[in-house]
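Since every read-out is calculated from the coordinates, none of them should be taken as a lab result. Note that the structure is predicted; figures quoted are calculated from it, not measured. Here Cβ is always computed from backbone atoms with ideal geometry, including for glycine, and neighbour counts include all displayed protein chains.
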Amino acid sequence: MTVLKLPTFSPSTLTNAASLLRILALAAIAGAAISSRLFAVVNFESIIHEFDPWFNYRATRVLASQGFTEFWNWFDPTAWYPLGRVVGGTIYPGLMATSGVIYNILHALHLPVDIRNVCVLLAPGFSGLTAWATYMLTKELKDESAGLLAAIFIGIAPGYISRSVAGSYDNEAIAIFLLMITFYIWIRALKDGSVLYGTLAAVFYYYMVAAWGGYAFITNMIPLHAFVLLLMGRFSHRLYSAYSAWYAVGTLASMQVPFVGFQPVQTSEHMAALGVFGLLQLIAFVEIVRSYVASKQFQVMLRWFLVASGIAGGLAIVGLTITKTIAPWTGRFYSLWDTGYAKKYIPIIASVSEHQPTAWPAFFMDLHMLIFLFPAGVILCFKELREEHVFVIIYAVMASYFAGVMVRLMLTLTPVVCMAAAIALSSLLDTYLSVEEPARPDSNGVDETSAPGADVPAEVTVSKKKKKDVAAAAAAAAAHSAATTATKAKTKPSATYGIFGLDTRLVVIVNAIFMLVMFVLHCTWVTSSAYSSPSVVLASRRPDGSQNIIDDFREAYYWLRQNTPQDAVVMSWWDYGYQIAGMADRPTLVDNNTWNNTHIATVGKAMSSSEEVSYPILRKHDVDYILIIFGGLIGYSGDDINKFLWMVRIAQGVWPDEIKEPNYFTPRGEYKVDDQASEAMKNSLMYKMSYYRFNELFSGSPAFDRVRNQQLPREGPKLDYIEEAFTSENWIVRIYEVKKEDPLGRDLKTANAFDGGKKRKPSKPTSRRRALTA
Amino acid sequence: MRTQLHLLLLAAVAAAVDLWPTHQRIAPSFVNTDVVRTVELSSQAYVKASYSIESQSDVDNDVFYLTLSEEEENVTGWIEAKAKGATGGLEVKRLGQHAESLAYLYAIKLAKPLPKGESLTLLVDSVQSHATYPKPAFATQHDSHFRVYEADGIVLSPYETTSQRLRVKAPTPNVRSYHIPSALEALAKDEPAVKSGATVTFGPFKSQPPTATKDFDHKPYRVSIDFEMNIPALTVVSLKRTAEVSHWGANLNIQDEYVVRNDAPELKGQFSRLDFQMSQHARRMSPVIIPALSLQLPSGAHSVYYFDIVGNVSTSAFRPAPKAAGRAARLGPQNAQLDLKPRYPLMGGWNYTFTVGWDAPLGDSGRWDEVNGRWILAVPFLTPLPATPIDQADVRIILPEGATDITVHPPFDVALMERSTHITYLDTIGRPAFDFHAQKLTEKHDGFIYITYKVPTAAHLQKPLAVTVASLIIFSVMWTLKRVDMTIKK
């Protein structure tokens, strides 16, 4: 029975048309994924965003202009002045290598695309590939239509877009594609028991290791999947060959990345993979022995063998950990389990905003309707529970947890949410778009042919009841339809479950379409308004509604680049290190590669101490210029005064006797910059540099800080040891030059007072007078 | 392989032919009856000299030799001459340093030989760049800026000079001092130097024998004037122009990379944004600070872009040329204007680099010469910033792929010209490119480089054919691979 008569085609026409449509749909999805990431280019320009991408871009330029060998051996003397940085050995080179290869291929084809444009458009390009990889993986879970839905979801979900808009040239740009393709090939390897696919998975795993520190997610996900399958009693030779091929080749390959080196056999993060590898060998061995030895003897042997190998393995791991051959978990890893850990022990990690726990609204903002389709999809996975479904369930659980503890890891959650939501929505659509109608149950008791309009209230109750039935049937039908497609069986002529009538179908389908439209609108809106700002360039609206570009960062960086000596050392908080290196091309003390906590704490101390204390530090580090960010004039809240407490905290971690966080608060525990600000605060270099000559701008009336909404003291700070060198148009970037020692050997404060025409305060005579009276 | 063809320079040829004047004593065919040099001091020094000459001989009387001292030669970027009352300029040829007197020799070819006893007035205009220097070399944001201009008090000339004067016009009447050496003072007819308003007049001086000789030392006769400067002194340190012709797009793309420097006295101390904003607000900003530049682009210019090393500079404004209609059409094509605001105001001594580019219809600068079957292309050597010297200019013109029979005519003698091959979007054999390098240019050097060439039809089709063939190869390979069964197990 069907509700609609559909035109019939030959099966070959149907397959061909479907395959063509799929290709077209995938192409359109890739197009949508790429174009929705171009808001940043359209609204602003083709520019590298944020902070880390500036370093990646700089490294890529070295790679493109000087070749891979030079890049590999690149020692950057301008970073972490005076220490320098061995760049080749301290980065994941996958991203730069990818851009370099693309750049060289394009140039070989006589397409002289600028390296900057390659870098800017890399992330959108790879998002198209991610959509394809997600399609392939979801296809394995359910079918092609679910795959296409998953592809479009991942293509435009803000959770992924937030890290892959044009210009967001960071490791995540290619890592999510690698994550999905590795998982897909792993599932294929597992399904076929194919060593070839296992090796291929290892190759992509290697690429992932070379590209992103988050590779540890794969390193633990695949063993966890294998382990759970073992616990479920689903050991098979397919699992054995797939896992062994992946682990052996993948581990050896990953050790070729210099930054990773021997970590895969030395650190706790990688031990799970090794353990599961060992376990699989044991079980395979036991399986072989079982096939040769009689059952009774086998029981005894197995027991002894397991006990012995268990004790041996445990002792080995404990011993290696005690002797420090295996490194314990790193602090970053601990902070995943205890969200308060970082704040207590590693403030530098906690000071990064993307390492904070996720707020609930962020889930809805990044995933919209997918977040409530997600559980439904996961539950549908339980209905079948093939190996790949187990994988998705584990992935869903793990990623949900991680996304909850760290904003940044929303990124790894998004793909699985898209897949699960696609499964759920596709099941719904399968059920309601199917023209098949079940046989009418006799017990229904509703007379469908009764005259309409006779009893209106009765009909309402009837339809309500009917809806309830329909809802109940829908869930069941969803599972049913999933099962039918999985077994590739054609629909049976008389289904026991299904939907009656056209109207119910319409209601649900229209609803689903409405939600999808809302989803698209939401994604577009979030992408354009929240995730497409380069943060190097700020935009505001003029009163007439036109866009006003605030370009202070580039103004100041460009000034540094053009009008200061090439070797002038610039000190700033570490956030701006990469940007200064990339745009101003000047040596910096600290940058976003926060490997040396003491060095950062030194900068923190120089910023939070008084001028007299800071000056020797500045001179010892050859600092010529100090760059700070000040938003008080136009209300830019991400400025250095707001980050100041982190500087204090990090400095306190190294010099607890000299820098004390409570000193920077008012007696009532408030963080203030006005009259009530504490002495330590008012005397700190950061405070002085931020507000130097700020009240003169208000010509007499008291100065007002628009970020902190506080009135500043009438008397502005005075500077003796440094002098203002440059201030950008909206005062966002202020650069100060550190004075050289006074040529006459005076203290700079005295020298400054002398230049200002003030007399030196007589300090000695008082004591002399006292001596006289005594 | 890059073939580099060093074309012989016009100047070099000329020098080879006219080698002898620089090594021979110049015949005293003329007498300078009166020489008046008027120097207008602005961001550059504009020298308008009028030489009243009288012929002394019936031979060698068709070429007038002008000589400059080494100091003047070093700053002179442009020189042109014409006879008073006549239309059209006279040919001026730079001959180089005279072997004996060490003065720099220029030959002005007169329209016709000047018979003995007749006289003529020659007007020689020249532009001197970097002819002034700041004094003191440092100044704060608020200070008035003073510069010093030095010049030869009496002209160097291979001829006798009966009377001469030097008049220097400063931009403001605020002339702090002027100096005339005592040796020169002795030569004065009456008052050696007079200041009236913004103008200082040195001379007139008494009759002088030829001064462009071995024995005459011009150095003790140099005068100087110390004046207030209220005009910005911008310098283009280097300009790289790339012009690319596309016949498919009927487009001429021009891209200029500028390196500029504010040559005002260097900023003393540090830059204070507060003071700058206050003076800007009160409209009392020092005139030597350069907050913006404006560039006149050809009337058809569109798709203008403006960026520097760190990206697009969002503060520029482009005003396209007004549509030619009614009265505007009768006035002829008007320029489009690009107002550029550097990322930061250029204080004295500050540098800035930027790149400007635009597209223009090919029809505006290229013509199809039907008689010879050739394209004629006119590319401006540079787009001058008003009154700004250009120390170094490199122009590259990229012709379409497959262009042959190329002739090149630069507007003035360039120091070096070379040919190379430029490979860009989907080129197979590359495009012929010509590079011109020149130094010491002024806004007067904005002449056209004329290039004529032929493009066979086959060359036009080369690119689409190459792309078609490449795509066909890819498709056929994919088609074959799809149909080959590569499974091992059956």
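Output the DSSP H helices from chain B with an along-axis C-alpha extent of no less than 18 Å and a mean Kyte-Doolittle hydropathy no less than 0.0.
TM-like helix candidates: B:457-483.
Enumerate by residue number the trypsin sites (Lys or Arg not before Pro) in region A:287-345 meeting two conditions: DSSP loop (anything except H, G, I, E, B), and at most 12 other Cβ atoms within 10 Å of the site's Cβ.
Of the trypsin sites (Lys or Arg not before Pro), the ones in loops of region A:287-345 whose Cβ has at most 12 other Cβ atoms within 10 Å are A:324.
Rounded, prolate or oblate for region A:550-739? Axes are the square roots of the Cα gyration tensor eigenvalues, ordered a ≥ b ≥ c, and the cut-off for rounded is a/c under 1.5.
Oblate is the answer for region A:550-739, as a/c is 1.5 or above yet b/c matches or exceeds a/b.
Would you mind checking which residues have amide H under 5 Å from residue A:327's amide H? H placed 1.01 Å from N; only 5 or more apart, or other chain.
The list, which skips near neighbours in sequence, is A:267, A:268.
Using the Cα atoms as the points, what is the convex hull volume per residue of region B:36-131 in Å³?
103
Using all C-alpha to C-alpha distances in region A:193-307, build P(r) with 10 Å bins and read off the rounded percent in each one.
14, 41, 28, 13, 4, 0
Which value, in Å to one decimal place, does the Kirkwood hydrodynamic radius take for region B:5-229 when every pair of different Cα atoms is included?
It is 18.4 Å.
Helix A:215-231: angle to the longest alpha-carbon principal axis of chain A, degrees 0 to 90, nearest 10?
Compared with the principal axis, the helix lies near 30 degrees.
For chain A, what ratio Rg/Rh do Cα atoms give with a Kirkwood hydrodynamic radius?
Answer for chain A: 1.06.
Over chain A, what is the relative contact order in whole percent, taking alpha-carbon pairs under 8 Å and six or more residues apart?
This gives 12 percent for chain A.
Taking neighbour counts of Cβ atoms within 10 Å as a proxy for exposure, in what order, fewest first, do B:440, B:189 appear? The partial results should precede the final answer.
Values: B:440 18, B:189 12.
Starting with the residue having the fewest Cβ neighbours, the order is B:189, B:440.
Out of all DSSP beta bridges with both ends in chain A, state the antiparallel percent to the nearest 5. Intermediate results must be reported in sequence, preceding the final value.
Numbers: 20 of 25 bridges.
In chain A, DSSP labels about 80 percent of beta bridges as antiparallel.
Between A:376, A:583, B:421, whose Cα lies farthest towards the positive end of the dipole of the protein assembly as shown when Lys and Arg beta carbons carry +1 and Asp and Glu beta carbons carry -1, centred on the Cα centre?
My answer, from the dipole projection, is A:376.
Quick one: what are the phi-derived ³J(HN,Hα) couplings along region A:659-664, Karplus 6.51/-1.76/1.60 with θ = phi - 60°, whole Hz, x for glycine and proline?
Taking θ as phi minus 60°, the curve returns 10, 10, 4, x, 5, 8 Hz for region A:659-664.
Mind listing the phi-derived Karplus ³J(HN,Hα) values for region A:394-410, rounded to whole Hz, using 6.51, -1.76 and 1.60 with θ = phi - 60°, and x for any glycine or proline?
The phi angles translate into 4, 4, 4, 5, 4, 5, 4, 5, 5, 5, x, 8, 9, 3, 4, 7, 3 Hz.
Find how many whole Å separate the alpha carbon centroid of region A:261-327 from the alpha carbon centroid of region A:168-217.
26
With all pairs of different alpha carbon atoms counted, what Kirkwood hydrodynamic radius in Å does region B:362-462 show? Provide the component values of the computation, followed by the final result.
Details: mean 1/r = 0.0681 Å⁻¹.
After inverting the pairwise mean of 1/r, the radius is 14.7 Å.
Exposed loop GluC sites (Glu not before Pro) only (DSSP loop, at most 13 other Cβ atoms within 10 Å): please give the longest stretch of chain B free of them, not including the sites.
Longest site-free region, per DSSP loop and neighbour criteria: B:119-369.
Give me a comma-separated list of calculated 3J(HN,Hα) values for region B:367-374, in order, Karplus coefficients 6.51, -1.76, 1.60 applied at θ = phi - 60°, integers in Hz, x for any Gly or Pro.
After applying 6.51 cos²θ - 1.76 cosθ + 1.60, I find 10, 9, 8, 5, 4, 9, x, 10 Hz.
Specify the angular offset, from 0 to 90 degrees and rounded to the nearest 10, of the alpha carbon long axis of helix A:640-654 from the longest principal axis of the alpha carbons in chain A.
So the helix axis and the longest Cα principal axis differ by about 80 degrees.
Once you charge only the Cβ atoms, +1 for Lys and Arg and -1 for Asp and Glu, what is the size of the charge dipole of the protein assembly as shown about its Cα centre, to the nearest 20 debye?
2880
If you project the alpha carbons of chain B onto their three principal axes, what span does each projection cover, largest first, in Å?
Largest first, chain B extends 114, 65, 54 Å along its Cα principal axes.
Enumerate the amide H contacts of residue B:193 below 5 Å, restricted to partners 5 or more residues apart or on another chain; note that Pro and chain-start residues carry no placed amide H.
B:203
For region B:133-200, what is the convex hull (Cα atoms) projected area averaged across all directions, in square nanometres?
Approximately 5.9 nm², given one-decimal rounding.
So for region A:566-620, what are the equivalent ellipsoid semi-axes in whole Å, largest first, each being the square root of 5 times an eigenvalue of the Cα gyration tensor? Please report the intermediate quantities before stating the final value.
On the way: eigenvalues 76, 37, 14 Å².
Working through the eigenvalues yields semi-axes of 20, 14, 8 Å.
Given H placed on each backbone N at 1.01 Å, which residues far from residue A:212 in sequence or on other chains put an amide H within less than 5 Å of it?
For residue A:212, no residues qualify.
Once the cut-off is 24 Å, how many percent of the Cα-Cα pairs in region A:252-371 end up in the long-distance tail? Working shown, then result.
Working: 4055 of 7140 pairs.
Here the long-distance tail beyond 24 Å is 57 percent of all Cα pairs in region A:252-371.
Per residue, what volume in Å³ does the Cα convex hull of region B:234-464 take up?
Expressed per residue, the convex hull around the Cα atoms of region B:234-464 is 160 Å³.
Let me have the 222 nm mean residue ellipticity of chain A computed from DSSP H runs of 4+ only, each contributing -39500 (n - 2.57), with the sum over all residues rounded to the nearest 500. Each step should come with its number before you reach the end.
Details: 31 runs with 458 residues, N = 774.
-19500 deg cm²/dmol, from helical runs alone.
Mind pulling the angle between the C-alpha long axis of helix A:271-292 and the longest principal axis of chain A? Nearest 10 degrees, somewhere in 0 to 90.
Its long axis makes an angle of about 30 degrees.
Projecting each Cα onto the charge dipole of region B:220-318 (Lys/Arg +1, Asp/Glu -1 at the beta carbon, about the Cα centre), which of B:230, B:307, B:254 comes out farthest on the positive side?
My answer, from the dipole projection, is B:230.
For chain B, with the dipole built from +1 on Lys and Arg beta-carbon atoms and -1 on Asp and Glu ones, taken about the Cα centre, which of B:322, B:433, B:407 lies farthest toward the positive end?
It is B:322.
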